[in-house]
1. Once you sort the root eigenvalues of the Cα gyration tensor of region 153-309 as a ≥ b ≥ c, which label holds: rounded (a/c under 1.5), prolate (a/b larger than b/c) or oblate (the other case)?
2. Can you give the % of DSSP beta bridges in the chain that are antiparallel, to the nearest 5?
3. Counting only DSSP beta bridges with both residues in region 235-380, tell me the antiparallel percent, nearest 5.
4. Take the alpha carbon gyration tensor of region 249-291, find the square roots of its eigenvalues, order them as a ≥ b ≥ c, and report rounded if a/c is under 1.5; if not, report prolate when a/b exceeds b/c, else oblate.
5. Using the Cα atoms of region 122-174 to build a convex hull, what is its mean projected area in square nanometres?
6. Of ILE158, ILE305, ILE339, which has the most accessible area and how do the rest follow, probe 1.4 Å?
7. Per residue of region 315-322, what does 6.51 cos²θ - 1.76 cosθ + 1.60 with θ = phi - 60° give for ³J(HN,Hα)? Whole Hz please, x for Gly and Pro, Karplus curve as stated.
8. Which residues' amide hydrogens lie under 5 Å from the amide hydrogen of ALA168, considering only partners 5 or more residues apart or on another chain, with H built in the peptide plane?
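The values are calculated or read from the model by the stated rules, or taken from the named source; none is laboratory data. Every value quoted in this text rests on a predicted model; they were computed, and no experiment measured them. With ideal geometry, Cβ positions are generated from the backbone for all residues, glycine too; neighbour counts draw on all protein chains shown. Note: areas computed on protein heavy atoms with side chains; ligands, DNA, RNA excluded. Shrake-Rupley method; radii C 1.70, N 1.55, O 1.52, S 1.80 Å.
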Amino acid sequence: PYIGPSDALLTYLPQAHILEFMFENLCLFWGGTMGYGNPRTLSDASMRNCKGDIREFKPTILVGVPAVWESVKKGVLNNLNKNNFLIKSIFWGAMSAKNFLMTAGFPGADTGAWFLDSVAFRKLKEATGGRLRIMMNGGGPVSKDTQKFLSMAVAPMISGYGLTETSAMGALNDPMAWNPDALGEIPASIEVKLVDFPDAGYFTKNTPPQGEIYIRGGSVSSNYWQNEDETKEAYTDDGWFKTGDIGEFDSYGHLKIIDRKKNLVKTLNGEYIALEKLESIYRSSPVVGNICVYAAQDQDKPVAIIVPVEATLKKVAKDNGIEGDSLESLVHNEKLKSIVLKQLQTAGKAGGLKGIEIINGVVLSDEEWTPQNVSLYISP
C-alpha cells in the first residue's frame, strides 16, 4: 500500500529484522511518520495514567510479529467477556455478518461492512487509534483464526514472506486481493520455483504443487561473505537461493508456506511434524503468552513449554479451586498443568491438527524468555 506524509507506521519486531529495515526505509522515502512499541506498553491496559502506544500514536499501518497479534486478540476477548450476554451476542453476530458480507461480494457489501465497523466495532477501532487501515504480520506464521478475527474486527491483516538473503522479497499479500489462506503474490524483482523434497512427501507433481522454495532475482544475494561452505550449501550454480522453507502454490498462484525443512522432526512413528505450524496454532490458546513446541525422534508425540498469561492462569486456577496467588507456585501445580494441557489439546484439535501433532505434555515456565536467559538455558 502507498505510504504518504499523512500515514503513521507503528512497528513492533523484537529484534533487528529485514522486514523492519524495509518498512523503515519506505517510511523515510515516502515521508511517513514512524513509531516503535512493545507488548508491555502497546495497550491502555498495560499503562498507568496514560494511553498505550497504539491509542497515543494512532497508526495507519501496524507491523508486528505473531506474539503481538495474539496479545491484541486476547486483550479484545478479555474485555469482551466482561460484558453482559447481550453485548457479547451483538459482537459475535456482527462478526458473522461482516464475514458473510466480505466473502459474498454482492452489491452493497462494502456499505454493510462500513455500517458494522461504525456501530459494532467502533470502540474497538478507537482503542487502536481510530485510523488503522492495514496490519502486517512478519517474522513467523500467525494462526488463521487470529488473522481472520482481527481482520474483521479491526483492519485487514496481510502477511509478507522473505529472508535476509532475498532482501525481504518472497511473497506479499495484496490488501485489495486479501487472501487469509496464503502469503500472496510474488514480487516482480524475483522468481520463485518449488523443488521436490522426497523425504517428507513434497513433490511438484502433487496437487497443488509442493516443494522447497527456491528464489532467484536482482534482490537476492549471491553468497555468504567469506563463507564458501555455507554458500555452496545454500546457493545453486545458476543463482537460486535455497530457502529451506516448504511451500505450495494455490489456485490463485499465491504462495503458501506449509513447512520448514529444519523444523521438520520425524517422530517415533516415522511421520514428520512441523514445529512452527504447531506453535502458531497453540499460541492462539488464551493461556499462552509464549510457547516452544519440542518433538523427539524417540517419542510419538510432541510436548510444549509455555510462558502463561498470568491473569488467565490465575483465573483458570480460581475456577478450578486451585490455591495459589503467585505465578511461581501455580506453574508447579500438577492439577493445573493437566487442565492447561487439555485446553491446549482442544486448541490443537480446533486448529485442524492431526493426532500425532497433538501435544502429550506441557511444562509451565514462570520466567519470561529473553535472549539473555534463553542463552543460559541452552549453554553447555
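1. On the way: a/c = 1.62, a/b = 1.21, b/c = 1.34.
In terms of gyration-tensor shape, oblate.
2. Numbers: 31 of 49 bridges.
Taking every DSSP beta bridge with both residues in the chain, the antiparallel ones total about 65 percent.
3. Working: 15 of 18 bridges.
Of those bridges, close to 85 percent are antiparallel.
4. Working: a/c = 2.72, a/b = 1.16, b/c = 2.35.
It is oblate, given that a/c is not under 1.5 and a/b is not larger than b/c.
5. Numbers: hull surface 16.8 nm².
Value for region 122-174: 4.2 nm².
6. Details: ILE158 5, ILE305 65, ILE339 30 Å².
From most exposed to least exposed: ILE305, ILE339, ILE158.
7. Coupling constants for region 315-322: 5, 4, 4, 5, 5, 10, x, 9 Hz.
8. LEU163
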